[in-house]
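One structure is given here, and the rest of the page talks about it.
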Amino acid sequence: MSGGRDAVVAELRERAEGIDDLIALDLGDPDLPTADHVVAAAKRAIDSGAADLAGDPAGLDVLRSAVAAKLRRENGVPACSENVVISTGGQEGLFLAIHAILGPGDEVLAPDPRYPSYDAAISMAGGTIVDVPTREQDAFDLDPDAVERRITSRTRALLLVSPSNPTAGTISPAHVRRLAEIARRHDLLVVSDEIYEKLLYDEAEHLSIASLPGMADRTITVNGFSKTYRMTGWRVGWVAGPVAIMREVARLKRLVSDSAPLVSQYAGLAALEGPQDDVAGCLAQYARRRRIVLDSLDRLGFGYGTPRGGFHVFLNATASGMSAEDLSRKLLAEAHLLILPGAGLRPQWSEHMRLAWLAPEATITEAMDRLERCLSAGAGATG
Amino acid sequence: LTAGVSPLIDLSLDRLALHSPAEVREAAKAALDRGATHYTESAGLRCLREAIALRLAAVNGIAVSPTEEVLVTCGTQESLFLAVRSLVGPGDSVIVPGPALPADLELIAAVGARASVAEPGEGLGLDPEAVRALVTPRARALLLRCPSPVGAIPDERELERLGAIAVIHGLTVIAVESDEALVASGATHRSIGAVGGLGPRTVTINDFAAVGLDGWRVGYLAAQSRLMDPMRRLKHELSICSPAVSQHAAAGAMARLEAYTAATRDRLDLRRAALAGALARAGVDAVVPEAGPYVMVRLADGVAAAEVVARARAAGVAIADGRRVGSPGWLRLTLDEEPDRLAAAAGRLGEVLGGPQPGGVR
């Protein structure tokens, strides 16, 4: 929420506006469109008039049931529709979950680096964030010992984000199991943001912590349709957890924005219940783009935590001899590439940049060519 | 009242069941075909904000910059949350002219503030003096639904008096005008944001529910930048942007908004007149407001609303306790049926209210 963060992002975006051949690798908005069968379902809801009348603030019963079935089937999480509230996007879901469980002075252990909206939600709820560092050399996995060392009598909850934005790190199943054990031992709640769960690379595996023994009663899982199904503009997601907490989530949902858009809820239903092969097809495209990006970073000698999930890499710009912020400016000015510096997320991540490969493969290739040319020209000039 | 009872006449809905016009649906679908499945600018589609700013100037007399002073939201509830959460803090008091919606009071409490509800005037109307009497040093904002939750609209003098109270005591005005389109022909809606001196301290909230887009969750708020900046930041942290497809539907509705709402208004005029006339003939003590989707029926002293609601249901009419709109001692009748059925409902309700009183002969 710092002015500095907003200022650098705003400056770069403003400078980028007039550039004709700009390649923007900054946003977390998939370039590929929402699947045809999902759009078709939305159109049917529009034509039938089903999208017009506002419904239950907690969401359509059919969608809550479908989400519960998905949690049971794919994640091994015991859930029925009463355990699910439909939110207006994953970010609102997180806001609702945090506000449902936190009171003033409560501490939340949160992996660092992380997307700044977590900080905003936690501080608005009166909570205090305790950073748990994650490291590039660990591919930004979360170390259970580092978590446990930071537990105090005021610790209320543990935030897990796997795969993570911006680091693209995942928490290994072995670590998830140890974190569950720690949560049980210290009687902590867990907020698990799993919005990138289906976008995994190499041998990465996703394990939902709520599926582990004794964890469904203390875990709130936040997820949505935006990233998996390329539905950012529809604003629909969900929160799942113990019934008592979900009653409070539903109450807050009614006060914060009432029901999620009905047209989007019907679209989400089609995404969950329709064919899933295009999710795999999309992931295969992301995997090719990722290879292009990582090969290029390797040639440049840039460090990074191997991205195991999501659609971005958190790269270390130290090898360029510049701060990430300066490199962002240089790349924008000379190569017409928009890549946000980590300091745009939090000031202490001044060496890192988040590059999202959400453009066609040819564009990604072109972007990495420009990056390499720009940096080798710089190296030549300085000798 | 047995064999002749037709199916239940339902006057208990919280909202009118209004459907979107065909052209609006086509606009939304065409946008989907063009790939409007991505995030939009956080503040909303530029074309929609421009249309909103034009309408605010032309219809409401409120001048705002479309780029800086209009924020597209996920409907009135989100607008209200953004305003209350951003502009009111723990310990502040928010004055709410009665009758007050329970959900509004719940929202104020949820941000740690205290709601002070002003007693309504005669016939559930607005009483500016009751508002003034609640001003304390902690008073921070005035939450004004206009039309009110029971369809009352302040006249020009009352609105100016309220405006003066806000200016003198430094109150921020959060004006919810989403029932603007449900104002009866012959009555006039006025925006408090257009009253002299109120522009810099007013947040004006409206939506597209009256054109059948309630379920699409799209609305807007307008305010000058001192008030707008924190709301804009919170909007981004909360929901990033409003649903793209819904914004395109709203943009599609803007071109003919006054025509669509005129159709709704005409239909409601007929229903309101039919119900009012039939209630009068049935000897029922009702307040027929100048706006909104309801007619309010006054209960005699000592008559329990819950009991009347149950007996009316047994007689084939579903109605709601007035508490749903902050009016204990009243019944709420929603104008969500056609005139003939509304008249039939009034007849049945007249029999229920004129029939055996609670505790009387059964």
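Of all residues in segment B:72-111, those that are buried (at least 21 other Cβ atoms within 10 Å of the Cβ), in contact with a Lys or Arg (Cβ under 6 Å, 6 or more places away or on another chain) and away from chain A (no Cβ under 13 Å) total 1.
Taking the criterion of being open to solvent by 30 Å² or more (accessible area, probe 1.4 Å) and under 17 Å from B:LEU11 (Cα atoms), the residues of segment B:270-281 that qualify are B:LEU270, B:ALA273. Return the pairs, sorted by first residue and then second, in which the second residue is assigned to a helix (DSSP H, G or I) and not hydrophobic (A, V, I, L, M, F, W, C), the first residue lies in segment A:151-178 and is within 18 Å of A:ALA100 (Cβ to Cβ) and at pLDDT below 95, the beta carbons are less than 7 Å apart, and the residues are 6+ apart or on different chains. Once the first residue is within 18 Å of A:ALA100 (Cβ to Cβ) and at pLDDT below 95 and sits in segment A:151-178, no partner that is assigned to a helix (DSSP H, G or I) and not hydrophobic (A, V, I, L, M, F, W, C) comes close enough.
Identification of helices (runs of 4 or more DSSP H) wholly contained in segment A:230-343 with 1 or more residues that are in contact with a helix residue (DSSP H, G or I) (Cβ under 6 Å, 6 or more places away or on another chain) and within 22 Å of A:VAL8 (Cβ to Cβ) yields A:324-335. Of the residues that make up segment A:103-117, is at least one at pLDDT below 95 and aromatic (Phe, Trp, Tyr)? Yes: one or more hits.
Considering only residues that are away from every other protein chain (no Cβ under 14 Å) and without any contact (Cβ under 8 Å) to a residue 40 or more places away in the chain, look in segment B:57-71 and name the one that is most open to solvent (accessible area, probe 1.4 Å). Across segment B:57-71, the extreme among qualifying residues is B:ALA58. The single condition from (1) on the phi > 0 side of the Ramachandran plot; (2) open to solvent by less than 10 Å² (accessible area, probe 1.4 Å) that B:ILE240 fails is (2).
For segment B:262-294, residues that are assigned to a helix (DSSP H, G or I) and either farther than 15 Å from B:ASP336 by Cα or touching a Cys at 6+ places or on another chain (Cβ under 9 Å) (or both) total 6.
The number of residues in segment A:42-76 that are in contact with a strand residue (DSSP E or B) (Cβ under 7 Å, 6 or more places away or on another chain) and among the acidic types (Asp, Glu) comes to 0.
What is the residue count in segment A:298-325 for residues that are without any contact (Cβ under 8 Å) to a residue 60 or more places away in the chain and open to solvent by less than 40 Å² (accessible area, probe 1.4 Å)? Counting residues in segment A:298-325 that are without any contact (Cβ under 8 Å) to a residue 60 or more places away in the chain and open to solvent by less than 40 Å² (accessible area, probe 1.4 Å) gives 5. Pick out the one residue from A:VAL161, A:VAL77, A:VAL85 that is touching a Lys or Arg at 6+ places or on another chain (Cβ under 7 Å) and under 19 Å from A:LEU179 (Cα atoms). None of the other options fit; the residue is A:VAL161.
Restricting attention to segment A:37-63 and to residues that are farther than 21 Å from B:ARG15 by Cβ and without any contact (Cβ under 8 Å) to a residue 40 or more places away in the chain, the residue that is most open to solvent (accessible area, probe 1.4 Å) turns out to be A:ASP47. Scanning segment B:113-137 for residues that are open to solvent by less than 40 Å² (accessible area, probe 1.4 Å) and either in contact (Cβ under 8 Å) with a residue 40 or more places away in the chain or within 14 Å of another protein chain (Cβ to nearest Cβ) (or both) gives B:ALA113, B:ALA115, B:GLY123, B:LEU124, B:VAL135. Among the residues of segment A:91-103, are any surrounded by fewer than 16 Cβ atoms within 10 Å (Cβ to Cβ), within 14 Å of chain B (Cβ to nearest Cβ) and touching a Gly at 6+ places or on another chain (Cβ under 9 Å)? Within segment A:91-103 (the criterion being surrounded by fewer than 16 Cβ atoms within 10 Å (Cβ to Cβ), within 14 Å of chain B (Cβ to nearest Cβ) and touching a Gly at 6+ places or on another chain (Cβ under 9 Å)), the answer is yes, since at least one residue qualifies. Among the conditions (1) under 21 Å from B:VAL84 (Cβ atoms); (2) of a type in the set (A, V, I, L, M); (3) not in a helix (DSSP H, G or I), A:ILE129 misses just one, which is (1).
Listed conditions (1) at pLDDT below 95; (2) in contact with a Pro (Cβ under 8 Å, 6 or more places away or on another chain) are all met by A:GLU351, apart from (2). Just one of (1) under 21 Å from A:ASP52 (Cα atoms); (2) within 13 Å of chain A (Cβ to nearest Cβ) fails for B:ARG34. It is (1). Among residues of segment B:205-232 that are in contact (Cβ under 8 Å) with a residue 40 or more places away in the chain, those with a Cβ under 9 angstrom from a residue that is assigned to a loop (DSSP other than H, G, I, E, B) and aromatic (Phe, Trp, Tyr), sequence gap 6+ or separate chain, pair up as B:ASP214/B:PHE208; B:TRP216/B:PHE208; B:VAL218/B:PHE208; B:GLY219/B:PHE208; B:TYR220/B:PHE208.
Has segment A:59-77 got any residue that is within 30 Å of B:GLU26 (Cβ to Cβ), assigned to a loop (DSSP other than H, G, I, E, B) and in contact with a helix residue (DSSP H, G or I) (Cβ under 7 Å, 6 or more places away or on another chain)? There is at least one residue in segment A:59-77 that is within 30 Å of B:GLU26 (Cβ to Cβ), assigned to a loop (DSSP other than H, G, I, E, B) and in contact with a helix residue (DSSP H, G or I) (Cβ under 7 Å, 6 or more places away or on another chain). Which residues, counting only those in segment A:168-223, are open to solvent by less than 20 Å² (accessible area, probe 1.4 Å), part of a loop (DSSP other than H, G, I, E, B) and closer than 18 Å to A:THR155 by Cα? Answer for segment A:168-223, where residues must be open to solvent by less than 20 Å² (accessible area, probe 1.4 Å), part of a loop (DSSP other than H, G, I, E, B) and closer than 18 Å to A:THR155 by Cα: A:LEU188, A:MET215. Between B:ARG140, B:ARG157, B:ARG161, the distinction of being open to solvent by 20 Å² or more (accessible area, probe 1.4 Å) and part of a strand (DSSP E or B) belongs to B:ARG140 only. A single entry from A:ALA343, A:ALA377, A:ALA381, A:ALA317 fulfils the requirement of being modelled with pLDDT under 95, touching a Ser or Thr at 6+ places or on another chain (Cβ under 6 Å) and among the aliphatic types (A, V, I, L, M): A:ALA343. Residues that are buried (at least 18 other Cβ atoms within 10 Å of the Cβ) and over 18 Å from the mean Cα position of the chain (by Cα) were ranked within segment B:251-269; the one that is nearest to B:ALA30 (Cα to Cα) is B:GLY252.
Residues of segment A:108-126 that are more than 10 Å from every other protein chain (Cβ to nearest Cβ), touching a residue at least 40 places away in the same chain (Cβ under 8 Å), assigned to a loop (DSSP other than H, G, I, E, B) and open to solvent by less than 20 Å² (accessible area, probe 1.4 Å): A:PRO113, A:ARG114.
Just the residues that are among the hydroxyl-bearing types (Ser, Thr, Tyr) and either open to solvent by less than 10 Å² (accessible area, probe 1.4 Å) or at positive phi (or both), please, taken from segment A:224-275. Of everything in segment A:224-275, those that are among the hydroxyl-bearing types (Ser, Thr, Tyr) and either open to solvent by less than 10 Å² (accessible area, probe 1.4 Å) or at positive phi (or both) turn out to be A:SER226, A:THR228, A:THR232, A:SER257, A:SER259, A:SER264.
The values are calculated or read from the model by the stated rules, or taken from the named source; none is laboratory data. Given the structure is predicted, the values throughout are model-derived calculations rather than measurements. With ideal geometry, Cβ positions are generated from the backbone for all residues, glycine too; neighbour counts draw on all protein chains shown. With ligands, DNA and RNA removed, areas are computed over all heavy atoms of the protein, side chains included. Shrake-Rupley method; radii C 1.70, N 1.55, O 1.52, S 1.80 Å.
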